[in-house]
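The numbers here are math on the coordinates, done by the rules we state, and not lab data. As the structure is a computational prediction, the values presented were derived from the model and not from experiment. Please note: Cβ atoms are built from the backbone with ideal geometry, for glycine as well, and neighbour counts cover all protein chains shown.
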Amino acid sequence: MVQIKGHMSPTAFKAWSSKAITLLGMSGSGKTTLASKLPRDTWFHYSGDYRIGTRYLDEPILDNIKREAMKVPFLADLLRSDSMYICHNITINNLMPIASFLGMIGDPELGGLSVVEFKRRQALHRSAEIVAMYDVRDFIQKSSQTYGYPNFINDAGGSLCELGEPDVIRQLAEDTLILYLKPSEALLNQIIERSLVAPKPMYYQESFLDQVLPLYLAENSLDGPEQINPGDYFRWMFPLLVEHRLPLYEAIAQEYGVVVEADRVDDIKGEDDFLELVAAGLG
């Protein structure tokens, strides 16, 4: 029987020669910041969002950009004549092309999407994220055997808890130690505040959308989604999404992982601090 990595002892963790860890938590909880503090020469940084955008949603993202470009006659002529090409510049720290593809529900005059189109794009993202997380197993081997990295960090997207695919989580738990960065009330408030200032499209469960969308329409006396201001809806919805996600993260961590305080990320200066934090969580 395969051991769940989150069930090992602190001693076993410290003795683990080729460590593989999955970071779990809300967007803004410090996953990417934490991963960037580890030595680049000994830790392979796998970004789930980067894999999604550059491998599995690459064509849909570019098609979306091209559709917008075709609305501009000058650019349309250049595209049709193959006089120019369009590419995105997705990096671990720049995921804007993915967010722009996902979009928001609302008035098309304000850049909003219909519910049908929004759900179509959400479904594409869900499928892409599932495959990207299954890819972790291969990338652990590839990072070691091909590139010579002894350790592996999976910087998973905040929507990992939304997938509703137990086999994905189980495989991650067999191959990596799942580390949940649990935010304090103060950090949660900061995450929510940032979303209010700069709403960022993201993936979430269709059942959650079907639950909250009618509430928003009723509260604002709107006849349909096409009357929604996309930004206003997101600002109203996001605190509810946070409330929805927290127990999902907790359930994964309780069954498979380790919980550490996300606020501790700022105190981590390097690898030694990180490993001590994980070992303390296991203890």
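Results, tabulated for the structure shown:
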| read-out | value |
| --- | --- |
| In nm, spacing of pseudo-spin labels at Thr33 and Asp232 (7 Å Cα→C-beta vector) | 3.3 nm |
| Beta bridges per DSSP with both ends in the chain, % antiparallel, nearest 5 | 5 percent |
| Under the Debye formula (equal points on every Cα, no solvent term), log10 I(q)/I(0) of the stretch 74-215 at q = 0.09, 0.11, 0.16 Å⁻¹ | -0.41, -0.60, -1.12 |
| Within-13-Å neighbourhood charge of Pro39 [Cβ basis; K, R +1; D, E -1] | 0 |
| Residue-span extension gain [Glu185 to Tyr134] - 0.36 nm each, minus C-alpha spacing | 15.2 nm |
| Rounded to whole Å, sorted largest first: equivalent-ellipsoid semi-axes of the stretch 171-270, Cα gyration tensor | 31, 17, 10 |
| Sequence of Asp77, Asp155 once ranked by neighbouring C-beta atoms within 10 Å, starting from the fewest | Asp77, Asp155 |
| Theoretical ellipticity at 222 nm over the chain - DSSP helices of four or more residues, -39500 (n - 2.57) apiece, nearest 500 | -16500 deg cm²/dmol |
| Answer label, with Cα extents along the principal axes in Å calculated from the coordinates and candidates (i) 62, 47, 29; (ii) 62, 49, 36; (iii) 53, 45, 32 | (ii) |
| Nearest-0.05 FRET efficiency for Asp267 and Ala12, computed from C-beta distance (R0 25 Å) | 0.55 |
